[in-house]
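I have placed the structure first, in the form of structure tokens, so that the comments after it can refer back to it.
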Amino acid sequence: MNPTELRTDVPALGEAAYLNFGAHGPSPRYVVEAANEFQQSHEYHAPVRDDPYGAAFEAFDRTRERVASFIGAAPDEVALTESTTAGINAVANAIDWQPGDVIVRTDLEHPAGILPWQRLRADGVEVRVVETDAGRVDPADFAEAVEDAKLAVFSAVTWTHGTRLPVAELVDIAHDAGARTLVDAVQVPGQMPMDVAEWNADIVAAAGHKWLLGLWGGGFLYVDREVAESLAPRTVGYRSVETPTADPYEFAAGARRFEVGSANPAPHVALREAIDVIDEVGVDRIQGRIQRLASRFVDSVPNDALRSPETPESGLVTVAVEDPEATVDRLAEADVVVRALPKPDAIRASIHAVNTSTDIDRLVEGLAPEWD
């Protein structure tokens with residue numbers, strides 16, 4: 001399968017120039033069908049012909065294994081979550097925080113990587129913010145910030161600028177200081193290769209409803225197996241423990257302690273299908289096409305308006321405009337879909353391999369009045 005063939009299988013694209021994959025990646029027909037088929041089987045047949053719990057657990061196991069192979073982890077290091085936000089919160093609630101503990105984050109984080117730490121400030125936890133420049137983190141500034149930190153949180157690809165942060169380098173710096181690391185990687189899977197072993201991060205949160213073209217509700221959380229043993233989730237259910245009837249209970253080994261109860265497996269069945277599709281097209285092939293299309297767009301943007309790198313590092317390209325919300329609305333009237341950012345004052349195009357050069361040209365044409 002090539003990107004053009006994949007595009008024809010995504011009904012939402014149609015005649016629109018959809019350039020908002022960093023927020024939501026519309027699903028191909030067969031991804032939705034995989035979820036629907038599982039749901040029907042689970043509700044129509046499993047109750048009388050099978051065990052609905054067994055069918056659900058088998059589905060979870062298969063998806064956990066598929067995600068693990070896709071990101072370079074072991075199955076027991078993967079927990080299935082609802083979203084990136086859910087994964088980050090689960091980790092935030094599983095650490096034994098004490099007054100005076102320090103969390104370090106960058107000023108480039110999505111609210112998913114900001115709000116859980118704001119809540120902890122009420123418990124006396126200090127949240128230290130590393131200031132950045134044009135989507136870049138200065139390793140020296142980061143090293144100074146994490147010197148006495150308990151946890152460092154940062155994104156692999158910034159949602160504001162589309163820059164790629166040096167994940168492995170920042171992880172090493174944090175580890176040298178004795179801090180653990182949590183990486184928000186939601187903008188990575190589906191648009192570029194992802195190998196958590198190369199990053200050496202302790203925890204990585206992501207989801208499949210963006211570049212993977214999966215459904216909402218299909219998130220996943222990587223937790224290093226040794227790190228997992230020191231984390232005690234506050235939300236506990238029969239999937240989180242080794243023996244549900246034991247007293248006292250014992251957490252399940254590895255990341256599965258972050259799974260709780262009777263969640264709907266359908267979004268994770270769809271996630272497995274979505275990963276298979278992306279692998280069939282080829283992540284390297286997808287990344288190369290994204291690079292070419294993003295470069296086509298960047299080459300048409302005046303330098304003083306561009307807020308992303310001149311050589312695109314991802315499919316996320318941010319452009320300053322006078323009134324972002326009004327610009328998004330005006331483009332939408334012409335069936336060109338992008339999003340506004342709260343900071344900087346800009347619009348962001350999220351360009352996938354399923355886009356076309358015509359999509360890019362329509363975007364450039366729609367933005368021309370901003371630059372006249």
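Nearest 5 is fine: what % of DSSP beta bridges in the chain come out antiparallel, could you say?
Here the antiparallel bridges make up roughly 50 percent for the chain.
At a 1.4 Å probe radius, carbon and sulfur cover how many percent of the accessible area of the chain?
Working: 7380 of 15850 Å².
On the chain, the fraction of accessible area on carbon and sulfur atoms equals 47 percent.
Check each of the GluC sites (Glu not before Pro) in the range 256-364 and keep only those in coil by DSSP with at most 12 other C-beta atoms within 10 angstrom; list them in order. Mind dumping the intermediate values first?
On the way: sites: GLU259, GLU273, GLU280, GLU310, GLU313, GLU322, GLU325, GLU333; in loops: GLU259, GLU310, GLU313, GLU322.
Listed in order of number, the matching sites are GLU310, GLU322.
Can you compute the FRET efficiency between ASN264 and SER357 using 1/(1 + (r/R0)^6), with r the Cβ-Cβ distance and R0 = 41 Å? Round to the nearest 0.05.
0.60
Hey, can you find the accessible area per residue of the chain for me, probe 1.4 Å, expressed in square angstrom?
43
Taking Cα pairs under 8 Å and at least six residues apart, what relative contact order does the range 217-372 come out at, in percent?
Values: 191 pairs, mean separation 26.4, N = 156.
Reported as a whole number, the value is 17 percent.
So what is the relative contact order for the range 12-169, in percent, with contacts set as C-alpha pairs under 8 Å and at least six apart?
17
If the chain between ALA168 and ALA143 were fully stretched, how many nm would it gain, using 0.36 nm times the residue separation less the Cα-Cα distance? Could the numbers behind the result be given before it?
Details: separation 25, 0.36 × 25 = 9.00 nm, distance 1.34 nm.
Once the chain is fully extended between ALA168 and ALA143, it gains 7.7 nm.
Which three extents, in angstrom, do the Cα atoms of the range 239-372 have along their principal axes, listed largest first?
Result, largest extent first: 70, 33, 27 Å.
What Kirkwood hydrodynamic radius, in Å, does the chain give when the mean of 1/r is taken over all pairs of distinct Cα atoms and then inverted?
When all Cα pairs of the chain are included, the Kirkwood radius is 21.4 Å.
Relative contact order for the chain using alpha-carbon pairs under 8 Å, separation at least 6, rounded to a whole percent? Walk me through the numbers before you get to the answer.
Working: 761 pairs, mean separation 82.9, N = 372.
Once divided by the residue count of the chain, the mean separation gives 22 percent.
When the Karplus curve 6.51 cos²θ - 1.76 cosθ + 1.60 is applied with θ = phi - 60°, which whole-Hz ³J(HN,Hα) does each residue of the range 346-356 get, with x for Gly and Pro?
After applying 6.51 cos²θ - 1.76 cosθ + 1.60, I find 6, 10, 10, 9, 10, 9, 10, 5, 7, 6, 10 Hz.
According to the square roots a ≥ b ≥ c of the eigenvalues of the Cα gyration tensor, what is the shape class of the range 156-236, taking rounded for a/c under 1.5, prolate for a/b larger than b/c otherwise, and oblate for the remainder?
oblate
If you count, for each residue, the other Cβ atoms within 10 Å and average over each peptide, how do 244-253, 104-113, 89-98 line up from highest to lowest? It would help to have the intermediate numbers written out before the result.
Details: 244-253: 11.0, 104-113: 20.3, 89-98: 17.8.
In decreasing order of mean packing, 244-253, 104-113, 89-98 become 104-113, 89-98, 244-253.
Let's test the formula: R0 of 51 Å, r as the Cβ-Cβ distance of TYR53 and GLU365. What FRET efficiency results, to the nearest 0.05?
For TYR53 and GLU365, the calculated efficiency is 0.40.
Once you have a ≥ b ≥ c as the square roots of the Cα gyration tensor eigenvalues for the range 84-167, tell me rounded if a/c is under 1.5, and otherwise prolate or oblate according to whether a/b is larger than b/c.
oblate
What helices does the chain hold that run 30 Å or longer along their axis, going by alpha-carbon atoms, with a Kyte-Doolittle average of 0.5 or more, using DSSP H for the helix calls?
In the chain, no H run is both long and hydrophobic enough.
What nm distance separates the two modelled labels at SER300 and THR235, each placed 7 Å from Cα along Cα→Cβ?
Between SER300 and THR235, the label points sit 4.3 nm apart.
For the range 304-368, what does the alpha-carbon gyration tensor say about shape, rounded, prolate or oblate, given a ≥ b ≥ c as the root eigenvalues, a/c under 1.5 as rounded, and a/b over b/c as prolate?
Because a/c hits 1.5 or more and a/b fails to exceed b/c, the range 304-368 counts as oblate.
The values are calculated or read from the model by the stated rules, or taken from the named source; none is laboratory data. These numbers were taken from a predicted model, which means no experiment stands behind them. Virtual Cβ from ideal backbone geometry, glycine too; neighbours counted across all protein chains shown. Heads up: the accessible areas ignore ligands, DNA and RNA and are worked out on the full protein's heavy atoms, side chains in. Shrake-Rupley method; radii C 1.70, N 1.55, O 1.52, S 1.80 Å.
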